[in-house]
Amino acid sequence: MTQPDIPGTPAHPAPRPEGPGPLRRITLTALSLFLTAWALCWIKAYAVNDDLPNTCHDIRRQRFPTEVACASADGTLTGGNPGWLVALFYASLVVTVLCGSLALTVSSATRGR
């Protein structure tokens, strides 16, 4: 049984949306950036600055992202992570969480179609 033509409606149904493919690619790219930044922070803290606790009297440790720094008497820090790396770390984490949850939502919404 066919439906009668209704004036003002398209003859063909709207094309199916692409789905979460592009969001998944963005999520995987951001996740790889996040893991790379985390690995670089960890390497700097535990491989490059491995002997820092032996030479410094005031050690500053941070767990997330991993950082080991030495605070001098004049207030300067040495051995810390560069600002761009910390910004990349948190920005890629936020993009991963947001795009990942959006991709899950889109895939569950388009699954029934």
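Skip the ligands, DNA and RNA, and give the accessible area per residue of the stretch 17-113 with a 1.4 Å probe, whole Å².
Result: 66 Å² per residue.
Arrange the residues 108, 72 by how much accessible surface each exposes, largest first, with a 1.4 angstrom probe.
108, 72
Accessible area of residue 26, 1.4 Å probe, to the nearest 10 Å²?
Roughly 80 Å² of residue 26 is accessible to a 1.4 Å probe.
Can you tell me how the stretch 26-105 classifies by the Cα gyration tensor, rounded, prolate or oblate, using a/c under 1.5 as the rounded cut?
Note, shape of the stretch 26-105 comes out prolate.
Quick one: grab the alpha carbon gyration tensor of the stretch 43-85, order the square roots of its eigenvalues as a ≥ b ≥ c, and give me rounded if a/c is under 1.5, else prolate or oblate depending on whether a/b is larger than b/c.
Note, shape of the stretch 43-85 comes out oblate.
Taking a probe of 1.4 angstrom, what is the accessible area of residue 60 in Å², to the nearest 10?
My reading of the accessible area for residue 60 is about 120 Å².
The values are calculated or read from the model by the stated rules, or taken from the named source; none is laboratory data. Just so we're clear, the structure is a prediction, and the values are computed from it rather than from any experiment. Just so you know, the surface numbers come from the protein's heavy atoms only, side chains and all, with ligands and any DNA or RNA stripped out. Shrake-Rupley method; radii C 1.70, N 1.55, O 1.52, S 1.80 Å.
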